[in-house]
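The structure appears right after this line, and notes come after that.
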Amino acid sequence: MMKSIKVRTTLKNGSVTVRMFVRHPMHVGGPRKNGDSYAPHFIQEISCQLNGEIVMQGHWGPGIAENPYLSFIVDNAKVGDALAFRWSDNQGGTDVFETKL
Amino acid sequence: MKFSMLDKASNIVAISPRLARRTLLAMASSVIVTPLLWAAGVSVSRPSEAFKDKSIEDVMRTLFGDANIPLSDVIQITMTDLAENGAVVPIKIQTKFKDVSAISIIAVENPIPLIAKFSLGKVTSGFIATRIKLAKTGDVVAVVETTEGIFQARKKIEVTTGGCGVSDR
């Protein structure tokens, strides 16, 4: 599977701003214009670990826009800290991404 | 009097080996348990029921019980007043509250009002920016859970084209 998570981090004064881009259709499910329907397909859970500790955990419905973007700020971060990201969707799909500050 | 106190003291000393073993055991178990908890950080189970609710009142009741959630100026929702495309609406929620444990985003007019619930760790600031879908014009509610209590902020967004309608795909 192609890498679906892209992450940009900005470390400043001991706090890191994480900007996260995920490639995912985020389908609500429902009727198509031609009459048939399509199944919901969306990320249910997304999380970020800093040095193995979960610092952000998001439970999503299909109300998050397609190809989700998420930004948050983690304090107490320093160069060399390990960041791990993970998402899982309602159809069993999942992806992880790991990086270092 | 003095003598009896001494006596009591010696009593305590007498049972202390057992006590010491107990406290040692208790200490040992706490030492084992704490790093595990710490390593886990935040881990909250999915509020599945709240995602099934069809109205904002139900979502609020499922997530926060019957508590009356006060409006707060300290929570800032930064987003456009007029969303031309409801399928992608950037939203930024900021709060100066310390120790924010969770931020929930709810769109009143969406078929599934609860958009997302973010649980934040102790080292995570009260800040979330993302992009959401809006079905039609209505309030967007941000609910922030802190150690001081639960607070909310609302903002009315005009939506020109809804983002949850019939798909072209």
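The values are calculated or read from the model by the stated rules, or taken from the named source; none is laboratory data. Note that the structure is a prediction, hence the values are computed from the model and not measured. Cβ placement follows ideal geometry from the backbone for every residue including glycine, while neighbour counts extend to all protein chains displayed.
Structure data summary
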{"item": "Criterion (modelled with pLDDT under 90, more than 10 Å from chain A (Cβ to nearest Cβ) and on the phi > 0 side of the Ramachandran plot) met by exactly one of B:D73, B:D53, B:D99", "result": "B:D99"}
{"item": "Residue ID - nearest to the chain's Cα centre (by Cα), chosen from residues in segment B:34-50 that are surrounded by fewer than 13 Cβ atoms within 10 Å (Cβ to Cβ), within 7 Å of chain A (Cβ to nearest Cβ) and at pLDDT 50 or above", "result": "B:S43"}
{"item": "Members of segment A:66-78 found to be more than 7 Å from chain B (Cβ to nearest Cβ) and touching a residue at least 60 places away in the same chain (Cβ under 8 Å), listed by number", "result": "A:A77, A:K78"}
{"item": "Residues of segment B:101-133 that turn out to be farther than 13 Å from B:V59 by Cα, among the hydrophobic types (A, V, I, L, M, F, W, C) and in contact with an Asp or Glu (Cβ under 7 Å, 6 or more places away or on another chain), as a count", "result": "2"}
{"item": "Test: residue in segment B:137-150 that is under 26 Å from A:G35 (Cβ atoms) and surrounded by fewer than 18 Cβ atoms within 10 Å (Cβ to Cβ)", "result": "no"}
{"item": "Residue match in segment B:114-122 (condition: modelled with pLDDT of 90 or more, of a type in the set (A, V, I, L, M, F, W, C), crowded, with 21+ Cβ neighbours inside 10 Å and touching a Pro at 6+ places or on another chain (Cβ under 8 Å))", "result": "yes"}
{"item": "Any hit, segment A:76-87, residues being within 13 Å of the chain's Cα centre (by Cα) and under 16 Å from B:K122 (Cβ atoms)", "result": "no"}
{"item": "Which numbered condition A:N13 fails, given (1) surrounded by fewer than 15 Cβ atoms within 10 Å (Cβ to Cβ); (2) at the interface with chain B (Cβ under 7 Å from one of its Cβ atoms); (3) of a type outside the set (A, V, I, L, M)", "result": "(2)"}
{"item": "Top-ranked residue of segment A:29-65 - restricted to ones that are assigned to a loop (DSSP other than H, G, I, E, B) and at the interface with chain B (Cβ under 7 Å from one of its Cβ atoms), ranked as farthest from B:V42 (Cα to Cα)", "result": "A:K33"}
{"item": "Condition check for B:P17: over 18 Å from the mean Cα position of the chain (by Cα), more than 14 Å from chain A (Cβ to nearest Cβ) and either surrounded by 10 or more Cβ atoms within 10 Å (Cβ to Cβ) or modelled with pLDDT of 50 or more (or both)", "result": "yes"}
{"item": "Selected residue (only one of A:E66, A:E53 is closer than 20 Å to B:F51 by Cα and charged (D, E, K, R))", "result": "A:E66"}
{"item": "Among the candidates B:V89, B:V141, residue that is in contact with a strand residue (DSSP E or B) (Cβ under 8 Å, 6 or more places away or on another chain), touching a residue at least 40 places away in the same chain (Cβ under 8 Å) and either within 28 Å of A:G14 (Cβ to Cβ) or more than 8 Å from every other protein chain (Cβ to nearest Cβ) (or both)", "result": "B:V141"}
